[in-house]
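Asks: Let me begin by handing over the structure; questions about it come next.
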Amino acid sequence: MAKRTIRLLPTQVLVLGFASMIIMGALLLTLPVASSTGESIGFLNALFEATSAVCVTGLVVVDTGDDLSLFGQLVIITLIQMGGLGFMTMATMVFLLLGKRITLRERLVIQEALNEFKLQGVVRLTRNIIGITFLIEGIGALILALRFVPMYGWGKGLYFSVFHAISAFCNAGFDLMGGYRSFTDFTDDFIVNFTIMGLIVCGGLGFSVLLDIYRNRHFRKWSLHTKLVVCVTAALITMGALFFFIVEFNNPATLGSQNWRGKILGALFQSVTPRTAGFNTIDQASLTNASKFMTIILMFIGASPAGTGGGIKTTTASVILLAVLSVIKGRRDVEVFGRRISYAIVNRALAIAVISFILLVSVSMVLSLLEPYPLVDVLFETASALGTVGLATFNNSDLSDISKIFIIMTMFAGRVGPLTLTLAFAKRMASDTGNVKYPEGKVMVG
């Protein structure tokens with residue numbers, strides 16, 4: 001009797017790949033040697049930390065700088081690097097080092113992981129991604145060393161520089177500052193702020209965009225995807241910074257006590273970090289409700305495709321907005337920069353947004369029943385997990401075990417992608433009626 005071969009879809013391979021990295025990381029973090037006290041942090045807490053690291057989120061139930069040993073911190077930063085590059089990028093790097101040939105099936109999975117339209121050149125793109133990642137992280141670490149080496153000495157200073165450069169570029173939000181305080185001691189520090197923000201933006205733009213910008217130095221030569229990503233990213237950062245500057249200007253617990261440089265840098269950083277980074281220079285719990293809602297919106301949108309960030313992505317939000325504008329203007333097609341966007345892409349964008357919104361609302365409702373926090377803080381927490389951001393208005397170690405499990409699942413869904421996760425678990429059956437076109441029906445909307 002012949003053995004039945006199980007063939008997995010590319011989406012299923014990605015889901016299982018990320019899950020395997022999380023389990024491996026959780027087992028390592030459960031070891032007593034991973035804790036600064038020599039006592040295990042427990043499997044659930046280890047699973048939470050590993051999920052947050054692989055999904056480059058930054059939500060934590062133990063303080064990375066205080067509660068984890070050097071071994072535990074190295075496990076975290078390794079998981080962050082693996083999660084930021086992605087499962088298939090890491091697998092491809094190993095295959096290339098071993099001289100193994102990349103099969104067609106593996107190329108299909110890489111294509112799915114990188115959100116590429118074409119199968120051709122995906123292995124070369126993966127090589128470029130690995131090179132770009134290490135180059136940008138190295139430059140970031142050298143600049144951060146200018147500040148951290150004088151503060152902590154050569155050994156600790158270089159270690160802090162490398163750790164935070166990787167964490168920032170991968171949009172992870174893990175830090176070693178201790179006391180759950182992130183970069184609140186550096187609110188008006190020019191070098192730290194702009195280096196971290198630069199790494200966050202570079203990681204969030206997406207590798208294909210970075211390559212396009214490098215190869216084509218003029219805006220008119222960029223692809224439509226690159227133009228959309230850059231324009232939407234710049235618009236969101238600018239509008240967000242102006243909003244936080246105005247709303248938090250007189251808030252004594254955030255920007256009110258800062259000098260002008262601190263106010264400007266604090267508002268700009270607060271606009272950049274919800275793009276799935278998770279670092280903070282001002283106390284998130286002290287933000288006004290208006291600023292919390294704005295942060296939730298920015299976290300829900302997130303970064304851009306094929307990058308290290310999460311969220312529904314800038315291109316998804318922009319395609320939906322363009323589709324709405326085309327309806328308002330009475331146009332048949334969705335157009336931008338002299339190009340037409342197909343309705344297949346519009347439908348995919350709508351599917352991603354709707355599935356993500358349903359997850360946001362559903363998990364928020366469950367957490368509101370389990371936890372005593374205000375609804376805006378629960379929405380903030382859920383959006384942070386779904387967008388793989390890592391910002392929080394309360395200490396996650398105070399969450400119940402059931403709430404931690406829900407946050408773990410939400411982080412995983414946010415990193416893998418709500419649509420990818422849905423397709424991976426959906427029953428894909430060929431239909432004999434796939435080519436049948438039914439008569440059109442009328443439905444009243446609005």
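Asks: Being basic (Lys, Arg) and either crowded, with 19+ Cβ neighbours inside 10 Å or under 25 Å from residue 264 (Cα atoms) (or both) is the requirement here; does residue 215 meet it?
Replies: Spelling it out, it is not the case that residue 215 is basic (Lys, Arg) and either crowded, with 19+ Cβ neighbours inside 10 Å or under 25 Å from residue 264 (Cα atoms) (or both).
Asks: Could you say which residue among 221, 227, 263 is surrounded by 13 or more Cβ atoms within 10 Å (Cβ to Cβ) and modelled with pLDDT under 95?
Replies: Among 221, 227, 263, only 227 is surrounded by 13 or more Cβ atoms within 10 Å (Cβ to Cβ) and modelled with pLDDT under 95.
Asks: Within segment 169-184, is there a residue that is in a helix (DSSP H, G or I) and out of contact with any Asp or Glu (no Cβ under 7 Å at 6 or more places or on another chain)?
Replies: no
Asks: Turning to a different aspect of this structure: If a residue has to be among the polar types (S, T, N, Q) and either closer than 25 Å to residue 191 by Cβ or modelled with pLDDT of 90 or more (or both) to count, how many in segment 118-161 make the cut?
Replies: Qualifying residue count for the region: 2.
Asks: Any idea which of (1) surrounded by fewer than 20 Cβ atoms within 10 Å (Cβ to Cβ); (2) at pLDDT below 95 is the one residue 274 doesn't satisfy?
Replies: Looking at each condition in turn, residue 274 falls short on (1).
Asks: Just give me the residues in segment 254-288 being farther than 26 Å from residue 232 by Cβ and part of a helix (DSSP H, G or I), in sequence order.
Replies: Those that are farther than 26 Å from residue 232 by Cβ and part of a helix (DSSP H, G or I): 260, 261, 262, 285, 286.
Asks: Take residue 291 and decide whether it is part of a helix (DSSP H, G or I) and open to solvent by less than 10 Å² (accessible area, probe 1.4 Å).
Replies: yes
Asks: Here's something else I'd like to know. Step by step: first the residues of segment 294-305, then only those that are part of a helix (DSSP H, G or I) and open to solvent by less than 30 Å² (accessible area, probe 1.4 Å), then the one that is farthest from residue 252 (Cα to Cα). Which residue is that?
Replies: Filtering first and then ranking leaves 301.
Asks: Within segment 329-366, which residues are aliphatic (A, V, I, L, M), more than 27 Å from residue 223 (Cα to Cα) and open to solvent by less than 30 Å² (accessible area, probe 1.4 Å)?
Replies: Passing the criteria: 360, 363.
Asks: Return the only residue of 390, 434 being modelled with pLDDT under 95, assigned to a loop (DSSP other than H, G, I, E, B) and under 21 Å from the mean Cα position of the chain (by Cα).
Replies: 390
The values are calculated or read from the model by the stated rules, or taken from the named source; none is laboratory data. Model, not experiment: these values are computed from the prediction. With ideal geometry, Cβ positions are generated from the backbone for all residues, glycine too; neighbour counts draw on all protein chains shown. We work out accessible area using only protein heavy atoms, side chains counted, and drop any ligands, DNA or RNA first. Shrake-Rupley method; radii C 1.70, N 1.55, O 1.52, S 1.80 Å.
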